[in-house]
Amino acid sequence: MLGRYREALAEFETAAAIAIEGDRAAQAAIEHKLADLHHRLGDFDLAEAHLAVVTELVADTEPGRTARAEADRAVVAYRRGATDQAAELGRAALDCAQAAADSGATAQALNVLGMLAARAGDTAAAEGYLRDGLAEARRRPEPGAAVAALNNLARLLAETGRVQEALTVAAEALELGRELGDQHRVAALHTNMADLLHADGQHDAAMTHLKEAARRFASVDVGDAPRPEVWTLVEW
C-alpha cells in the first residue's frame, strides 16, 4: 500500500458493495484487503470482523486463504494483548497452512508464533519460529512475508545482544521492503533501523533513518481522526 488509506478504504468498500454475489473468492479477497487496512489503522475490532468473514466465505474451498486469515487474526489478537487467543489462532493457522502446503500462509503463521514466543521470553523458540518462517517466505516470489520475518528477527537479535547481526538482518528487511512500495511499513523499518544504529553508537546514521521514517509516516493518509496506532507499527 502506498499509505493513502482514506482513498483505499473508499475503493475497497465500493468493490465490496458491487462484488458479484456468489463469487465467494472475490468477496473474500476484498474482505481481506479491508481487514488489512483496518489493522494498519488500529481499528482492531473491524479488522477482526472482516477476517472472520473471510474465513466464513472460503473455509471449505480455499485452505491457503483461510490459513492466512487465521494468521492475520492471530496478529490482531497479539497487538491487542490477547496472547492466549493469538497463540490458539496461530497454531490453528499453522496446521491449516501446512495441510494446504501453502508456504506463504505457513510463513505468516510461524512469524506470529515467533512474535508470541519472543513476548513470552522464550527467545530460543522465537528464533526457531522466525528462522523457519523466513525459510518458508523465501520460497515465495513476493517479498512481503520475508520482510515481516526479517524485521521481527532483527528485533529479537537486538534484544538478545546480537546488535551487529541484527543490523545485517534489518538492512536486508529494509532493502526488500523498499521493493514493495509500502510507505507505512518502510517507515516502520526505518524506525527500527534507527533504534539499532542508536544502540550501536551510530547516532548520525540513526538520525538519518529517523528523519526518513518521519517523512514516510507523514505521507500516510489516515483521514481526519488521530491514529496513534499508525506510529506504533514496529512488528507485523
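Values quoted throughout were computed directly from the atomic coordinates according to the rules given, and no laboratory measurement underlies them. Just so you know, these numbers come straight off a predicted model, no measurement behind them. No Cβ is skipped: glycine too gets one built from the backbone with ideal geometry, and neighbour counts run over all protein chains shown.
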Of the options Ala10, His198, Ala135, report the single residue whose Cα projects farthest towards the positive end of the charge dipole of the chain (beta-carbon charges: Lys, Arg +1; Asp, Glu -1). His198
Binned at 5 Å starting from 0, the alpha-carbon pair-distance distribution of region 1-137 in whole percents comes out as 2, 12, 19, 21, 20, 15, 8, 3, 1, 0
Among Gly177, Trp236, Gln98, whose Cα lies farthest out toward the positive end of the dipole of the chain, if unit charges sit on the beta carbon of Lys, Arg (+1) and Asp, Glu (-1)? Gly177
Fraction of alpha-carbon pairs over 26 Å apart in the chain - percent: 37 percent
Multiplying the sequence separation of Arg178 and Arg162 by 0.36 nm and subtracting their Cα-Cα distance, what value in nm do you get? 3.3 nm
Protection-proxy order for peptides 93-101, 194-202, each taking the mean of Cβ atoms within 10 Å per residue, highest first: 93-101, 194-202
Can you tell me the dipole magnitude for region 87-230 around its Cα centre, using point charges on the Cβ only (Lys, Arg +1; Asp, Glu -1), in Debye to the nearest 20? 80 debye
Once the dipole of the chain is set up with Lys and Arg at +1 and Asp and Glu at -1 on Cβ about the Cα centre, which of Leu113, Leu51, Ala149 lies farthest towards its positive end? Ala149
In 10 Å bins starting at zero, report the fraction of Cα pairs in region 75-120 per bin as a rounded %. 32, 53, 15
Where does helix 123-137 land angle-wise versus the long Cα axis of the chain, in degrees 0 to 90, nearest 10? 60 degrees
Tell me, how many Å apart are the Cα centres for region 155-174 and for region 53-86? 28 Å
